[in-house]
Amino acid sequence: MPVNRRHVLAGAAALPLATGLLGTAAAPASAAPARPDGEFLVGVGIADVTGPAAENGMMGYSMPQQQTAGIHLRTRARAYVIADGTRRIAFVTAELGALFQSVHQGVLRKLAARFGDLYTERNVLLNATHTHSACGGDSHYAAYDLSILGFQEQVYDAVVDGIVAAITQAHADLAPGSISLGRTELTDASANRSRTAFELNPKADKDHFPLSIDPAVTVLRFRRGGADVGAITWFATHGTSMSNGNHLISSDNKGYAAYTWEHDHAGVRYLDGAPGFVAAFAQTNSGDMTPNLNLKPGTPDTEFENTRRIGELQFRAAKRAFDAASEVVAGGVDHRMCYVDMSDVAVDAKYTPNGRPQRTCTAAIGVSMLAGSTEDGPGLPLPEGVKNPFIDWLGGIDAPIPRALADAQAPKVIAVPFGAMKPYPWAPEVLPLQIVRIGQLHLVAGPAEYTIVAGLRIRRTVAAELGVPLENVLVQGYANAYSQYVATPEEYDSQQYEGASTLFGRYTLPAYQQEFAKLAAAMKAGRTVPRGPVPRDLRGKLVNFQPGVVFDSAPALKNFGDVLTEAKPSYRRGEQVSVTFVTGHPKNDLRHGSTFLEVQRFEGGKWTRHADDGDWATKYHWARKLVAESQATVTWDIPANTPIGKYRVVHYGNWKNGWNGHLTAFSGTSRAFVVS
């Protein structure tokens, strides 16, 4: 089928491409004796996964001009290890745009090197919050690296190492504890951005969501020795409170919720070693759920307040459910996992809307996807002739569309046949499917963004197979890999953004229902399941066209760390402190487990850290000046509850010598000022 898409897809790399276990494992030799029902070993951990704070593309909106230029909130991975004496699971929520299969593979390799077969693909569940303001470039599949100009090894290493560090910390933190379950509803932190598609679903599905949103908030509360040590909260809303014009790394609304709980209510200081309380805010079926309640994307004037407000609502709902969590979690843990080639699934008639057998097909995106989700961040209409070196290296985008594929994807009008691209597909098709049980709560972990009705149908299928209440089954989206959206067949027909982004055709959702039903049946019967096909290992197959740091230079008569714009002598609460320094490129050192800035307070005869670049009230802005000169501007919006006293701002960085490549650390300090 000859289709010339060059005009439609000029510079497609810049257009939005994502707005976006084998059976029961044997108990390890070192496993403790089975614990009494309702008693677990629990451990929590947290680690930094923040990527380069300058000149790295962000993952989510796929806008090539959205490159990092500082930090508002560092992104973190939060880990929970739960053991019942026979089996264990590791659950990680990372503040990322997506949890790519490359990261899943990398984490498992490092866990195997450190722990042997204790933590494997069978019992490790990795997922992302789907913030659109984290670094991208850590996928091994081209579709998700196009706007970032290739694979960014620095991002990949930061994410993999951070997740492994969080799990390692949680493993070391294991101790006897208990888990309880709480629930509530939240109706003013999400809106349905695809009502046209939603309304095509059958009445029974729509009646389950009378407000056209999924309001469910589910919380696990972890306690040890009479003290709370952690919480996991599931709620469906997109990580798009920050707009596609933002250039500061941010964990978005779920990151604000986690920060508020940990920092403001549990007193956690991220740079002070192991925290006393870890609060993860995980996604579920949020494919058509937006936090932009007016169905318009944020602006520089509104996005920070939108992030704070939606995050605050999630925190307060989670805390209500947490405080009222009286349902004891009991029955131990279990897990099933397998790989499925989602591009070639024969779907039984019992799962299809028309009651006839169907089949999935080779992955492709639809033309209507290129507009983006206009409620969260519209696409970029680039003119003819815009070039992308990564696209050229891959051989272009005008792959032929066979008539059979066009028919199989109908009514989708195919823009790019991801699965047919050479030398290998641009998106994964062999995908991990997993069910993890924590007591009576079952997590159906899928590698996609599921709409609320798609999630509902999967939950109903799994709950029926297991014979458990529907509320005890959750869809854990963005898990273990990423393959865009899953809409219902009825939603698919309207070819809104979500349907056009459903890769494997109209029967993608029925295929997921069928394959998850198999895992659920095996879990109920205590059977193992085949591992399935082996996913590709694409290490070394991609390139990077994003320029790196050649050298850093300071302005004439200036040194690195010198203050260019000084603080005022005094400020009142509610005012903003702003100090600008001569700096080096942030890629020289990501400062994991550290900070690019400190607001220090003078107390007890010495300067102590009061805030850093992981705090909501601070912002670290980076800007290039001339060829190799750069500036760092640190701002601090002084909170209303700030203690009166003497403060100063300190900036930390590294500069690169262009002659020998040597990196040298430096710091700069503002004048002292009084807050009153």
Do we have Ala481 as surrounded by 24 or more Cβ atoms within 10 Å (Cβ to Cβ), in the same structural domain as His130 (by TED's automatic domain parsing) and of a type outside the set (Ser, Thr, Tyr) here?
yes
Condition (residue is touching a Phe, Trp or Tyr at 6+ places or on another chain (Cβ under 9 Å) and part of a helix (DSSP H, G or I)) applied to segment 49-69: is it met by at least one residue?
no
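Out of Gly182, Gly137, report the one residue that is surrounded by 20 or more Cβ atoms within 10 Å (Cβ to Cβ), assigned to a loop (DSSP other than H, G, I, E, B) and either of a type outside the set (A, V, I, L, M, F, W, C) or in the same structural domain as Pro300 (by TED's automatic domain parsing) (or both).
Details: Gly182 fails: assigned to a loop (DSSP other than H, G, I, E, B).
One residue alone meets the criteria, Gly137.
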In the list Thr233, Thr218, Thr196, Thr187, which residue meets the criterion of being at pLDDT 95 or above and crowded, with 24+ Cβ neighbours inside 10 Å?
Thr233
If Ser343 satisfies every condition in (1) closer than 30 Å to Asn244 by Cα; (2) of a type in the set (Ser, Thr, Tyr); (3) crowded, with 21+ Cβ neighbours inside 10 Å but one, which is the exception?
(1)
Considering each of Ser670, Ser676 in turn, give the residue that is within 24 Å of His585 (Cβ to Cβ) and either modelled with pLDDT under 95 or polar (S, T, N, Q) (or both).
Ser670
Answer from Phe322, Phe281 - the residue that is in the same structural domain as Leu99 (by TED's automatic domain parsing) and either surrounded by fewer than 21 Cβ atoms within 10 Å (Cβ to Cβ) or not in a strand (DSSP E or B) (or both):
Phe322
Do we have Gly574 as assigned to a loop (DSSP other than H, G, I, E, B), at pLDDT 95 or above, surrounded by 21 or more Cβ atoms within 10 Å (Cβ to Cβ) and touching a strand residue (DSSP E or B) at 6+ places or on another chain (Cβ under 9 Å) here?
no
Name the residue, out of Leu271, Leu295, that is more than 18 Å from the chain's Cα centre (by Cα) and on the phi > 0 side of the Ramachandran plot.
Leu295
Filter result (surrounded by fewer than 24 Cβ atoms within 10 Å (Cβ to Cβ) and touching a His at 6+ places or on another chain (Cβ under 9 Å)) within segment 55-64
Glu55
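When residues of segment 189-248 are filtered for being in contact with a strand residue (DSSP E or B) (Cβ under 6 Å, 6 or more places away or on another chain) and assigned to a helix (DSSP H, G or I), how many remain? Outline the logic, then answer.
Within segment 189-248, the subset in contact with a strand residue (DSSP E or B) (Cβ under 6 Å, 6 or more places away or on another chain) is 190-191, 193, 198, 212-213, 215, 217-224, 229-239, 244, 247-248.
Filter again for assigned to a helix (DSSP H, G or I), leaving 198.
Count: 1.
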From the list Asp145, Asp117, Asp188, pick out the single residue that is farther than 17 Å from Val436 by Cβ and touching a Gly at 6+ places or on another chain (Cβ under 9 Å).
Asp145
Just one of Gly574, Gly532, Gly561, Gly593 is at positive phi and either among the polar types (S, T, N, Q) or touching a Ser or Thr at 6+ places or on another chain (Cβ under 7 Å) (or both); which is it?
Gly561
Exactly one of Val103, Val92 is assigned to a strand (DSSP E or B) and not assigned by TED's automatic domain parsing to the domain that holds Gly593, and that one is Val92
Among the residues of segment 426-440, count how many are among the polar types (S, T, N, Q) and buried (at least 24 other Cβ atoms within 10 Å of the Cβ).
1
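The values are calculated or read from the model by the stated rules, or taken from the named source; none is laboratory data. Predicted model, so just to flag it, every value in this text is computed and none were measured. Neighbour counts run over all protein chains shown; Cβ positions are idealised from the backbone, glycine included.
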